[in-house]
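I have placed the structure first, in the form of structure tokens, so that the comments after it can refer back to it.
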Amino acid sequence: MHMSDLNNRTAVITGGGSGIGAAIARSLADAGCRVAITGRRQERLDDVTGNHNGQVPIVSRASDVADRDGVHEFFEWATAELGPIDILVNSAGINTPVRSVAELDPANWDKLIAVNLTGAYNCIHEVLPGMRERRDGVIINISSVAGLRAGTVGGVAYNASKFGMSALGITVAEEHRELGIRVTNIYPGEVETPILDNRPVPVSAEHRARILQPEDCADAVMMVVRLPARANIPELVIIPTTQSYK
């Protein structure tokens, strides 16, 4: 498969109602891809689909990636709407304001692991059989630099979930490279998305303007999916120019 021509390709994006997921959905649809987005709130998804004026419409249906039965139903629907899924982008992710290990509510640990890690697994589990059969497919995990370096900013549950997502992607890639299925983990630094609203310390408008925008992450995804089938980027770090990468 040469993805450089995205016309008539199909893509599913989780967390597609806002931020990075919405930007990726728009970019893929603008390139001619048939796109389905999902997220927990249908009204947010409707905002994205309703405000997209491209030639190829974006379709949506609400689901919770942490709900395995719901994910299965969503992918049955998406496949019926689009056809076999060529591209999966796992962009659903959450965090909690209270993040230190001493103060974290154990219920929030469970919730973050369920959404950020198990949610990505649930979606990969749905697309892999078809990709294996076609010996073809691209899976992109929107992890975080917190999935490479466990700093205190992300918090213990978020860091652990993103490290897990990274390992998930690398393992799936290793098991499927001979079948032509490519997996890329993308590790963004700070991005201006709604997840910043959950920071323990409010983020200023000046800071938000300086950091990555969702479109920057979408551009990175577009580079990955446009590569020929012989080429894969296992891991890609993208950070604001002003952010340290030590």
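One table, with the values for the structure above:
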{"item": "Å² of accessible area per residue within the chain, as computed with a 1.4 Å probe and no ligands counted", "result": "46"}
{"item": "Segment 1-125, relative contact order in percent, only Cα pairs under 8 angstrom and at least six apart counted", "result": "27"}
{"item": "Residue-averaged 222 nm ellipticity for the chain, from DSSP H runs of 4+ at -39500 (n - 2.57), nearest 500", "result": "-12500 deg cm²/dmol"}
{"item": "Crossing angle, helix 119-134 versus the chain [Cα axis fit, 0-90 degrees, rounded to tens]", "result": "20"}
{"item": "Rounded tilt (10° steps) of 156-176 against the dominant C-alpha axis of the chain", "result": "30"}
{"item": "Computed FRET value (nearest 0.05) for A80 with R132, which takes r as the C-beta separation and R₀ as 22 Å", "result": "0.65"}
{"item": "Principal-axis tilt of helix 214-225 within the chain, Cα atoms, nearest 10 degrees", "result": "40"}
{"item": "Positive-end extreme of charge dipole, segment 132-246 - chosen from A231, S143, A160 (charges on Cβ)", "result": "A231"}
{"item": "Chain lengthening between V203 and T152 when straightened (0.36 nm per residue, less Cα-Cα)", "result": "16.7 nm"}
{"item": "The chain, relative contact order in percent, only Cα pairs under 8 angstrom and at least six apart counted", "result": "21"}
{"item": "Antiparallel bridge percentage (DSSP; both residues within the chain; nearest 5)", "result": "5"}
{"item": "Sorted peptide list for 202-209, 227-234, criterion being average Cβ within 10 angstrom, highest first", "result": "227-234, 202-209"}
{"item": "Separation of alpha-carbon centers, segment 65-113 and segment 1-63, rounded to whole Å", "result": "17"}
{"item": "Span from the segment 174-202 Cα centroid across to the segment 207-222 one, whole angstrom", "result": "12"}
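The values are calculated or read from the model by the stated rules, or taken from the named source; none is laboratory data. Values in this document were obtained by computation on a predicted structure and should not be read as measured data. Virtual Cβ from ideal backbone geometry, glycine too; neighbours counted across all protein chains shown. We work out accessible area using only protein heavy atoms, side chains counted, and drop any ligands, DNA or RNA first. Shrake-Rupley method; radii C 1.70, N 1.55, O 1.52, S 1.80 Å.
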